[in-house]
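K.L.:
Structure provided below as structure tokens; questions to follow.
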Amino acid sequence: MPPTLTPPTSTSTPTFPDTTDPSPGSLITHDGQIQWAGLLMGPGTDYQIADSGLTGWADLPGLDSGDVLRPDQHGAWPGAQWSQARTVTAPVWLLPDQTERAAAVTRAFNAATGVHTGEQWLAVRLHGETLACRARVAQRVVPHDRMYVTRGTAKATVQWICADPRRYSVDERTAVTGLPTPDGGLSWGQDGSRTAGQGLAWPLDWGKPGATGLLTLVNEGDAPTSPVIEFRGQVSRPSLTRLSDGLRLEYDITLAPSDVLTVDTFAGTVLLNGSSTRVHTATQSSDPEQLFQLPPGEHTFAFRADPDMPGAGATATVTWRGAHW
């Protein structure tokens, strides 16, 4: 028997979901709701989550281990651990408020959970916190049993595979900095001398404050996240360095004022103006792009460039989301 739930009172025909990948969680208004491909499931909708709830959403995914067995004693040498894909399963009651709407409710559910090659956002809100994964539908079951035939209700099951198992904050963060500039300093007069009528006078004018070229980024989650970095010209040999351990991205390239060099550390790509690859311009002191991650907590990064080349207007922009296991 279906659970005792009050379906929505609206008698309007449900619209088909928008699969153009809106912002994660943009439709969610209540705890317990799930948003997928423009379809909202959970309280207040025609698609109620069964009492057993989601499985795999907050579980630690399986791990691939690089441990190597010791040939001459017990145990193994510990190696790297990498998480496998996340599998999320949801039992969903299709509960139209009228039997006449059963076919329309089912069609909308089927349209949202059909076969799509690309990934989309799967967002879940629990206790006021909304997190999202990039996912694809791996399985869908909609039984057309006697209950569906007579009452229009069905207990469906949908399963998603999240190739990247991390769950991300829905709010995207951005930080921008320019290259460091020196302080203006005290003014001693137009020609630098202390002739009559010139020199220091109270209150002292310390000049325009300089810039540090530093960025402080906070990953509020408990998993490392992969940021996207944009270097904008005019600049030569731009670099971004994590001060805590010296991890660096540096590229032997000169950018014009209109150029943008985009580094996607998750995909491992380096694109000039969104089209031409420039990964080959990485210098010998540059680390692999996919290893340039933002660990949990607060970290400071330094934007630097070739000091012998002009850098007027040059900036480094970092965009990221907090990540959770």
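K.L.:
How charged is the neighbourhood of Trp77? Take every other residue with its Cβ under 11 Å from the Cβ of Trp77, and add Lys/Arg as +1 and Asp/Glu as -1.
P.N.:
Summing Lys/Arg as +1 and Asp/Glu as -1 gives 0.
K.L.:
What residues from segment 278-320 fall in the zone where the backbone N is under 12 Å from a label point 7 Å along the Cα-to-C-beta line of Asp252?
P.N.:
The answer is 280-286.
K.L.:
A follow-up question, please. Once you sort the root eigenvalues of the Cα gyration tensor of segment 201-325 as a ≥ b ≥ c, which label holds: rounded (a/c under 1.5), prolate (a/b larger than b/c) or oblate (the other case)?
P.N.:
oblate
K.L.:
Mind sorting Val149, Val170 by how few other Cβ atoms lie within 10 Å of their own Cβ, fewest first?
P.N.:
Ordered from fewest to most neighbouring Cβ atoms within 10 Å, Val149, Val170 come out as Val149, Val170.
K.L.:
How would you rank 312-323, 53-64, highest first, on the average number of other Cβ atoms within 10 Å across their residues?
P.N.:
Top to bottom by mean Cβ count within 10 Å: 312-323, 53-64.
K.L.:
With Kirkwood's inverse mean 1/r over C-alpha pairs for Rh, give me the Rg to Rh ratio of segment 80-127, two decimals please.
P.N.:
1.11
K.L.:
Let me ask you something else. In segment 289-312, whose amide N lies under 14 Å from the spot 7 Å out along Cα-to-Cβ of Leu214? List them in ranges.
P.N.:
298-304
Taken together, the values in this text are just the output of simple stated rules run on the coordinates, not laboratory data. Small disclaimer: the values here were computed from a predicted structure and weren't measured. Cβ sites come from the backbone with ideal geometry, for glycine too, and all protein chains shown count toward neighbours.
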